[in-house]
Each structure stands twice: as structure tokens, then as C-alpha cells.
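The structure appears below as C-alpha cells.
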There are 2 protein chains.
Amino acid sequence: MTSPLARRVLSGERNAVARAIRLLDDREPAGAEVLRELWSAAAGARVVGVTGPPGAGKSTLVDCLIEAFRARGERVGVAAVDPSSPFTGGAILGDRIRMQRHAADDGVFIRSLATRGHLGGLSASTLDVLAVLAAAGFRTLILETVGVGQDEVEVNRVADSVLLVVAPGAGDAVQTLKAGVMEIAHVFAVNKADQPGADQVARDIEQLLAYREHGPGRADPGAAAGWIPPVVSSVAVEGRGIPELLEALDRHAGWLRSSGEERRRHRERARVAIVEQLRGRLDDALDARLPGRLDEAAARVADGASDPHAEAEALWAELSS
Amino acid sequence: MTSPLARRVLSGERNAVARAIRLLDDREPAGAEVLRELWSAAAGARVVGVTGPPGAGKSTLVDCLIEAFRARGERVGVAAVDPSSPFTGGAILGDRIRMQRHAADDGVFIRSLATRGHLGGLSASTLDVLAVLAAAGFRTLILETVGVGQDEVEVNRVADSVLLVVAPGAGDAVQTLKAGVMEIAHVFAVNKADQPGADQVARDIEQLLAYREHGPGRADPGAAAGWIPPVVSSVAVEGRGIPELLEALDRHAGWLRSSGEERRRHRERARVAIVEQLRGRLDDALDARLPGRLDEAAARVADGASDPHAEAEALWAELSS
């Protein structure tokens, strides 16, 4: 027996989608209940992660991808992880503009996700939001993150394919790549390819990739071998390079299936989701069963009267008994 | 009764410090035991966070700060959070060079921290490592992170003062600032101030700061009011601006004490440490008490036969009973 809200989400009603996501964001029990009814319908959707440093032109490029997927008749959901600056009231200007641009298109659903206040990477609800969108029939999902850092490593866990966007002049591109994000990418876009230095950036990436092939280690030792990330030049503001990017992403999707890597990634994604949920339950249990105790423990540790290990041990002993 | 290892750490023996950190990294129970003996000696050390986008010249600037602190006779510990690229075998080239430079100086201890494989932000052991260094007499601690993203928000929780380093040409500086990191900074360094565009970057920051003063929200509503982050121009490769940066950081340290903010931040830091430890215990309990169960649950979720909420609930029910 499906609840009215789940039924409305499954039939693609936008209001219902927004409401389900809000319930999950607010960690209302009703959100988890709805999600439970949606989960099997969500399976099998495609998640493309798009990441890269600020200023690389990610938003414009995502815009082009939305249009390209739409032109093939695909319904597109976008979750933009937004570091929620108080300056912008929690939404980056580009997202607002983009939302307006696609506002009339029923085949596009864009949602900004806050990460503020969340200790540790991607918002716990990212996966939930993607599941709601998938269940509502948005079967091509784009997960966009701003920045370079831990978030990007987690995008790799959540997405099927990761597109890393760099541009000449947007940070030292090669330094960016070295800072641990290069190994998470399945496709590279050298955007703003009409600007000076773009060829050099592309060459640097190719060189680093060649080094990786023969280098000391892989980011994800469990990953299937055999995929060499293509490097595509693009000028997103003019729509140049977009068909090539799409082709590269599709090729990766095909490889994921044929190599068995898709199944492995989906399991890893599920694992992350369960652990995130478990952590939420740990936080809830602390609040509900031991109210105030964490604050007291923190005060003792801050005063040098105790240490985090001892306090955690004591709290854990109570929670797990 | 203090253990031999703790005693050696407390007397500042470098080998013992390295060994204690290794034990903590490997999550050996012996590490937690040693930490317990060191914690009270660690209290009261100063932690300066240094962050900013790749290419801003952070490493060079940190180098200058080390020298400046050393010139005042302070012993300096550095923890560099390193996204552990497989290309470099886990240490960024700059760190290697830096370590060699200070290798002969017994008053400096530099340690790179891996974040790879850790789900969620700063390595759980960052705080532990800082505590070991503090107990060993490195009372001025620098926590350096690479990148722009969630890590930086967490630096704000761990450090007393956060120095945000930007530079003209290193990413779109203003976009970087808007991407959620600006509000975590207590002091701004506009590095590479001899390059074109530096004045504009400084003006942009001042403008954003003025907006923040009168703007819609603060990143950390609990923080004491009254600190207006100074913006300092520097050319780290020439040592220019370093005395001014030091003065700004010292001024912030004085304000922390006089405003009571220091105590609040130390409690928040302890809180984070305890929660991190609790999460570690959750992971350990999953492994030890329910071996294989997380993998089975992940497979069910990946196949669409179940959802993360239901699986987490079942696992949590067993762990907490």
C-alpha cells in the first residue's frame, strides 16, 4: 500500500517531489517512510557527478549538459551541493539563474543542497534527494559540487561517472589536479578552451594520466582496470565540445556496465548511505537518550580534565547497552 | 603512573612523537592509551589554521610563519592535511621540501595527514596529532589544509584562528570566497600582492566583509561578535607582509581570550573530537559485532530490495541493544 505522497512522487508531481525532499532535509520520520516506498523505483538511475574548482565554468557546462540530455528526451534532475554562504542566503547566484532558465521545462528538476553545519562531506541527504528524483522519473541525475577537497572524493562514491571541469586561469589547474581530485575523474573537461594556456592544461592532464597508468598506486584499489579517462576541450558559453563530452560520458556508462564496475559502485554507494544513516541515528541517540551529556563531556575535555577517547568510550558504553 | 612512551613524548623526543602519532593513525588501542596520558599536557596550545585554494602560495606562507614563530623562540608543530594523491605517494611535493628545510631544526615538527578513504572531512586523527605535538612542547600549531570545501569549514572548528590565503589568479578569488569559506576566516592574506589584480582582490574582500557586517546571517551564530577580520597583503616568496600577518594573528589571539570566545571554541573542538571518536567506535562495532552485515545490507540496497533507512535501523537496533 503506497502512501499518497509516495504515489504522487512516483507519478512525477513536482510539488510532491519538493515536499518529500523537504521532509528528508528536516529529518522528519515521514521522510524516511516515503523514501522506503520510493527506493526500488529509484534503482538504476544514472548519476553524473560534475566537480572542479570555482571559476572553471562548471555551472555553464552543467547547463549545456542539461540541454543536451533534454534534447535526447531524457528527464534530468540536478542536485547542487551548495556550501551555503550566508552572503547569498544559501544559494549560489548561478543556480538561481539556471533554475529560472529551466523553470518552464517540466523535464528538469534542480535542487540546491546545503552542507552547512554538517560535520563531514556531502550532505547526508544527497543520496536521498537523488533517490526521490529518480523515483519521480528524473532518470538522468547530475550531482554538482563546488570546490576542491573532501567533497569531491565523496562525489566519486555517489556518482556513476565523475566529470572534472578545469580551466586555464581557474586556479593553478595542475596543482588542483595534484591535490587529490584527479584520480576520482572518469572524464576531464578542459573548459574555456579558447583561452590562453588551455592546450597546456590538456597536455598536463594527459601527462599525469600517463603517469597514473604506470604510477605507484590507484585511488580506489577495488576499481576495475581498463578505463582511461578522456580529456575533452570545451567552451561551454558557446556550446562547443558538449557533444564530445556527452559521448565520453556515454562511453564511460557503457564501460561501467560491461566491466561489472557499475554493480560494484552501486554497492559502495549503498554502503555510504547506510553508514550515513547510522551516524544520524548515533547523533539522534545522543540527543534523545543522553541529553546534555555530550556538552558536559566536551567541557571536561576542553578543561584538560579528560580526553576525547575516554569520553567517547563512556558515552558509547551507555548507547550500546 | 606514566607509560614510557608518554614520558618520552612529554620530554619532547621526536622518535616518541612519531611513534605515538603512528599508533593513533593505525588506530591501535595503545595510541588511545598514550593520548589519555598526554591530553592534559596538551591543553592550552595555540592552533592556527591556514587554508585557501591551490596555487595561492599557502605552503610558502606557512614556511614564513614557521620561521617567524621560531624567531620568537616558539616551538612549532605543523599538521598538513594531505588528500594523499597516489601520484605523490601521499605527500605533496611542497611538504617534502619544507620538511627538508626544517629537518635540522629541533623546534619544528611537520607531519602530513592522509584523508584518503576517510568518509567525511578532516582526518579523525587530526586533533589527536595536534594533541601529541602540543604535549611534546610544540605549543604553536599550524593546521594546513589544501583546497576549498568542506575541509575548510572543519578547520574552523579545530583551529583557534583561521588564516585564509588567496591570491590574484589562483582561482577566481571572489568566487572562492563566496563558496562558503569566507565566513570561517579570522585573518585574510592576499598573497602574491605584487601581481596584477591583487589590489582588486583585497578591495573585493573588504567589500564582502562590510556586507557581512550588515548582511543577513553569520556562519556561526554562537560566535562572539566584535572581530572584524583584517586583510593583509603579502609576498611570501620575499617574506613581505609576514610581520603584519603575525601581528594580525596575535591580535586575534588576544581578542579570543578577552571575549571569552576562546573557551567556547575549545569546547566546540572537544565536542567534534568526541563525536569523531564515537563514529570510530560505531565503525569498530559494526566490524566486530556484525561482521559482513554492512556488505550484505549494501547489496540489498543496491539491488533495490531494501533502502538505507531500513537497513540502518536494523543494524542500529542490534548495535544499541
> surrounded by fewer than 16 Cβ atoms within 10 Å (Cβ to Cβ) and either among the charged types (D, E, K, R) or within 11 Å of another protein chain (Cβ to nearest Cβ) (or both), is that true of B:R72?
Replying inline: yes
>> Of everything in region A:145-194, what is within 12 Å of another protein chain (Cβ to nearest Cβ), at pLDDT below 90 and outside any helix (DSSP H, G or I)? Give them in sequence order.
In response: A:T145, A:V146, A:G147, A:V148, A:G149, A:V166, A:A167, A:P168, A:G169, A:A170, A:G171, A:D172
>> Just to verify a result, which residue in region B:88-117, among those that are hydroxyl-bearing (S, T, Y) and in a loop (DSSP other than H, G, I, E, B), is modelled with the lowest pLDDT?
In response: B:T88
> From the residues in region A:1-53 that are in a helix (DSSP H, G or I) and of a type in the set (S, T, N, Q), which one is nearest to A:V162 (Cα to Cα)?
Replying inline: A:S40
> Applying the selection to region B:75-87, what residues are surrounded by fewer than 24 Cβ atoms within 10 Å (Cβ to Cβ) and at pLDDT 95 or above?
Replying inline: B:R75
>> Out of everything in region B:250-268 that is small (G, A, S) and out of contact with any Ser or Thr (no Cβ under 9 Å at 6 or more places or on another chain), what residue ends up being farthest from the other protein chains (Cβ to nearest Cβ)?
In response: B:G254
>> Given the criteria over 30 Å from B:G304 (Cα atoms), of a type in the set (D, E), at the interface with chain B (Cβ under 7 Å from one of its Cβ atoms) and touching a Lys or Arg at 6+ places or on another chain (Cβ under 9 Å), does A:E318 qualify?
In response: no
> Of all residues in region A:270-283 being more than 7 Å from chain B (Cβ to nearest Cβ) and either hydroxyl-bearing (S, T, Y) or touching a residue at least 24 places away in the same chain (Cβ under 8 Å) (or both), which is surrounded by the fewest Cβ atoms within 10 Å (Cβ to Cβ)?
Replying inline: A:G280
>> Go through region A:1-55 and report how many residues are hydroxyl-bearing (S, T, Y) and surrounded by 20 or more Cβ atoms within 10 Å (Cβ to Cβ).
In response: 1
>> Which numbered condition in (1) within 29 Å of B:P168 (Cα to Cα); (2) of a type outside the set (S, T, Y); (3) more than 13 Å from the chain's Cα centre (by Cα) is the only one that B:V48 fails?
In response: (3)
> Would you call A:D307 within 14 Å of chain B (Cβ to nearest Cβ), of a type in the set (D, E) and crowded, with 18+ Cβ neighbours inside 10 Å?
Replying inline: yes
> How many of the residues in region B:284-304 are within 31 Å of the chain's Cα centre (by Cα) and more than 7 Å from chain A (Cβ to nearest Cβ)?
Replying inline: 4
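The values are calculated or read from the model by the stated rules, or taken from the named source; none is laboratory data. The structure displayed is predicted, hence computed values, not measured ones. As a convention, Cβ positions derive from the backbone with ideal geometry for all residues, glycine included, and neighbour counts pool all protein chains shown.
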